[in-house]
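Working notes, beginning with the structure itself.
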């Protein structure tokens, strides 16, 4: 029988945690020992529960992911950390890796790939989804991948990325820890810079560009 992997799930969205726990329940060698809704509580829970693996979102209220990853990775016999997030920009990827994450996958990863990533990082390996791996290879080869829509700021790009995943403004605001007004302003800027007149057009442009 394979060795059990104890897991702490860290994400501020209840529906995503529920879906992830449903997937973990299908894995006989995985035992979920707790859940946290932000980085600060994740560090506190990890000290008491001592999980082998932490599944960590990056952008959460009450303590950001990279800070929590750094604290967890620095602890004696600290857990292995797999980032599970919506963000695939270079800043997010390399901030997580520098902090000590062993793996990085996107939330829309299919169940088979997510399962492989959980088991691999749980056993101490490093693993990345295909989109993330290509960014890492390009970075170390000295060929940073060209970003689509270079006229967008980093914040506008993050908003567009979340829009392309079908999220409404209120959810985007919560995810990015911004006010609703700020998100509306970013959305207006995106429309202007992409020369589109509607959310549907902006989403179509983003998806065509691979965002």
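The table for this structure:
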item	result
Some residue of segment 196-206 being under 21 Å from residue 58 (Cβ atoms), surrounded by fewer than 17 Cβ atoms within 10 Å (Cβ to Cβ), out of contact with any strand residue (DSSP E or B) (no Cβ under 6 Å at 6 or more places or on another chain) and not assigned by TED's automatic domain parsing to the domain that holds residue 95	no
Residue within segment 136-149 that is surrounded by 19 or more Cβ atoms within 10 Å (Cβ to Cβ) and either more than 22 Å from residue 39 (Cα to Cα) or outside the structural domain of residue 196 (by TED's automatic domain parsing) (or both) present	no
Complete set of residues in segment 126-156 that are at pLDDT 80 or above, out of contact with any strand residue (DSSP E or B) (no Cβ under 7 Å at 6 or more places or on another chain) and under 18 Å from residue 65 (Cβ atoms)	154, 155
Unmet requirement for residue 53, which otherwise passes all of (1) buried (at least 23 other Cβ atoms within 10 Å of the Cβ); (2) under 26 Å from residue 161 (Cα atoms)	(2)
Selection count, segment 39-50, where residues are within 19 Å of residue 102 (Cα to Cα) and buried (at least 18 other Cβ atoms within 10 Å of the Cβ)	4
Hey, residue 149 assigned to a helix (DSSP H, G or I), in contact with a helix residue (DSSP H, G or I) (Cβ under 8 Å, 6 or more places away or on another chain), touching a residue at least 12 places away in the same chain (Cβ under 8 Å) and more than 26 Å from residue 12 (Cβ to Cβ) or not	no
Out of 180, 173, sole residue that is within 28 Å of residue 9 (Cβ to Cβ), outside the structural domain of residue 19 (by TED's automatic domain parsing), free of Cβ contacts under 8 Å to residues at least 24 places away in the same chain and buried (at least 18 other Cβ atoms within 10 Å of the Cβ)	173
All positions within segment 103-119 that are within 15 Å of residue 10 (Cβ to Cβ) and free of Cβ contacts under 8 Å to residues at least 40 places away in the same chain	103, 104, 105
Residues within segment 68-88 that are closer than 13 Å to residue 41 by Cβ and either in contact (Cβ under 8 Å) with a residue 40 or more places away in the chain or out of contact with any helix residue (DSSP H, G or I) (no Cβ under 6 Å at 6 or more places or on another chain) (or both), tallied	1
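The values are calculated or read from the model by the stated rules, or taken from the named source; none is laboratory data. Computed from a predicted structure; not experimentally measured. A quick note on method: Cβ atoms are made from the backbone with ideal geometry, for glycine too, and the neighbour counts reach across all protein chains shown.
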